[in-house]
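Below: the structure, in C-alpha cells.
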Amino acid sequence: IERLSDDEKIQLVLKLFTSSGREFLTTPQQMQVLEEVRAFRSRRLMGPLSLEDLVRERQLRVLVLTKIIPVMIESLADMTNDTGAHEIARAMDSGRLMLYDFGSVEDPGRLTDEFFRVIVHTFTAGTSYPLFDKPTADFLRAGILDGVVALPEAVAFRSKQVSLAADFLQRLPTFGDARIDEVLQIRDDLSEPLIRFRAAMMTFAEKVRSETWDENFEGDAELLFVAEVAPAVLEIEELARQNRLARRLLQTASTPFAGVTGAGTLSAVVSPVSALPEFFGPAVAALGTAGTINLGIRTVQDWLSARDQLRANGLYFFYEARQQLKTTTKRRSKRQRT
C-alpha cells in the first residue's frame with residue numbers, strides 16, 4: 001500500500017470496506033467516515049461539489065489516510081501473522097521468492113486463461129524445475145490429455161526431480177513449523193551436500209514411472225521413500241552416531257598428550273598420527289574390538305575419511321537438514337518459554 005498514490009489508497013480502502021471488512025475498523029466513527037467518502041464519490045458523478053463539500057471531502061480524505069489506513073494495516077498484520085504470511089515477505093526480501101501478479105481478478109474466465117498460460121509457459125520453457133500443487137497438477141494433466149500442452153521430456157524429468165525432493169523434505173520433522181530464515185540458513189550451510197542431494201534426486205526420478213501430474217505419483221513417491229530413502233537415512237544416522245563416538249574417543253585419547261603440548265583436547269584430531277601418544281592406537285583398537293566402533297576408525301585419518309564419506313552421501317543433506325531443524329526448533333521453543 002505504501003507504493004500507491006493517495007487516490008489509490010482511498011480506492012483500495014473503499015473496496016475493502018464491505019460487510020466482511022468491518023472487522024478491520026475499531027469504531028463506528030471510522031465506518032461513518034468511509035460512508036461519507038463513498039457518498040461524496042457518488043455525488044461527483046452527478047456534478048461539481050460545492051466549496052463547503054470540497055472542504056469536508058478534503059477533511060475526510062485526511063482522516064482516511066492518517067487515521068483509518070494505519071488501523072486497518074495493523075489489523076491486517078495481526079491477522080496475517082497467524083497465517084504465516086509474514087514468512088512470504090521474508091522469502092521475498094531474501095531474493096529467493098518472486099510473486100506473479102495476475103492483475104485484475106474480477107473476471108474469472110480471464111484469470112483462468114492467464115493462469116493456464118503461466119503454468120504452460122513455466123512447464124515448457126525449460127528454464128526451471130516446475131513444482132505444482134495438486135489442483136494445478138490436475139489442471140496441467142487435463143491440458144496434456146486434451147492435447148493442448150506438448151510434453152517436453154527433459155522438463156517433465158526436471159519436474160519429477162523437484163517433486164520428489166519436495167515430497168521427501170516435507171517429511172522432515174518440524175519442517176512445517178520452520179521459519180523462512182531458518183530454512184535459508186540451513187540451505188546456505190549445506191550448500192555442498194545440497195548439490196549431491198540434487199544428483200540423488202535425479203537417480204531416484206529415473207526409478208519413478210509416473211509423472212508428477214499423474215494421480216499415482218504420490219503413491220510411487222511413498223514407495224520409493226519407504227524402500228530406499230528411509231533405510232539409507234537410518235544408515236547415515238547410525239554411521240554419524242558411530243563417527244561422533246569415535247571423535248570423542250580421539251579427544252579422550254589425546255587428553256594427556258594435549259596437557260603436554262598445550263594444544264587442547266582436540267590436538268589429536270588436527271595432529272599427524274605420528275604425533276599421537278603411543279597408547280592411543282591400542283586404546284581405540286581395544287574399544288573397537290569390543291563392539292564400540294564398527295567403522296574401523298583407529299587413526300585421525302580414519303576419522304576424517306569416515307566423516308568425508310558420510311558427507312559425500314547423496315542423502316546426507318536430508319539427514320543433516322533434519323538435525324538442524326530439530327536444533328532450531330528447540331532453540332526457538334526455549335526462547336519462547338523464556
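The values are calculated or read from the model by the stated rules, or taken from the named source; none is laboratory data. Please read all numbers here as calculations on a predicted model, not as lab measurements. Heads up, the Cβs are rebuilt from the backbone with ideal geometry, glycines too, and the neighbour counts pull from every protein chain shown. Areas reflect the complete protein model, heavy atoms only, side chains present, ligands, DNA and RNA absent. Shrake-Rupley method; radii C 1.70, N 1.55, O 1.52, S 1.80 Å.
Here are some notes:
- Qualifying residues in the range 126-147 (those that are in contact with a helix residue (DSSP H, G or I) (Cβ under 8 Å, 6 or more places away or on another chain) and not in a helix (DSSP H, G or I)) - the one nearest to Leu164 (Cα to Cα): Leu131
- Members of the range 59-82 that are small (Gly, Ala, Ser) and free of Cβ contacts under 8 Å to residues at least 24 places away in the same chain: Ala77
- Each residue in the range 1-53 was checked for being within 33 Å of the chain's Cα centre (by Cα), at pLDDT 80 or above, assigned to a helix (DSSP H, G or I) and hydrophobic (A, V, I, L, M, F, W, C), and 2 pass.
- One residue stands out among those in the range 315-327 that are open to solvent by 20 Å² or more (accessible area, probe 1.4 Å) and touching a residue at least 24 places away in the same chain (Cβ under 8 Å): the one that is nearest to Ala199 (Cα to Cα), which is Tyr316.
- From Ala91, Ala85, residue being touching a residue at least 12 places away in the same chain (Cβ under 8 Å), out of contact with any Lys or Arg (no Cβ under 6 Å at 6 or more places or on another chain) and surrounded by 12 or more Cβ atoms within 10 Å (Cβ to Cβ): Ala91
- Val105 vs. criteria open to solvent by less than 40 Å² (accessible area, probe 1.4 Å) and β-branched (Val, Ile, Thr): no
- In the range 187-212, the residues that are open to solvent by less than 50 Å² (accessible area, probe 1.4 Å) form Cβ pairs under 7 Å with partners that are acidic (Asp, Glu), at six or more places apart or across chains, as follows: Leu190/Glu320; Pro193/Glu320; Val208/Asp220; Ser210/Asp220.
- Within the option set Leu184, Leu245, Leu234, Leu223, being out of contact with any helix residue (DSSP H, G or I) (no Cβ under 6 Å at 6 or more places or on another chain), more than 16 Å from Tyr316 (Cα to Cα) and without any contact (Cβ under 8 Å) to a residue 24 or more places away in the chain holds for one residue only, Leu223.
- Selection status of Thr127, open to solvent by 50 Å² or more (accessible area, probe 1.4 Å) and closer than 26 Å to Glu206 by Cα: yes
- Sole exception among (1) at pLDDT 85 or above; (2) open to solvent by 60 Å² or more (accessible area, probe 1.4 Å); (3) in a helix (DSSP H, G or I) for Met79, by number: (1)
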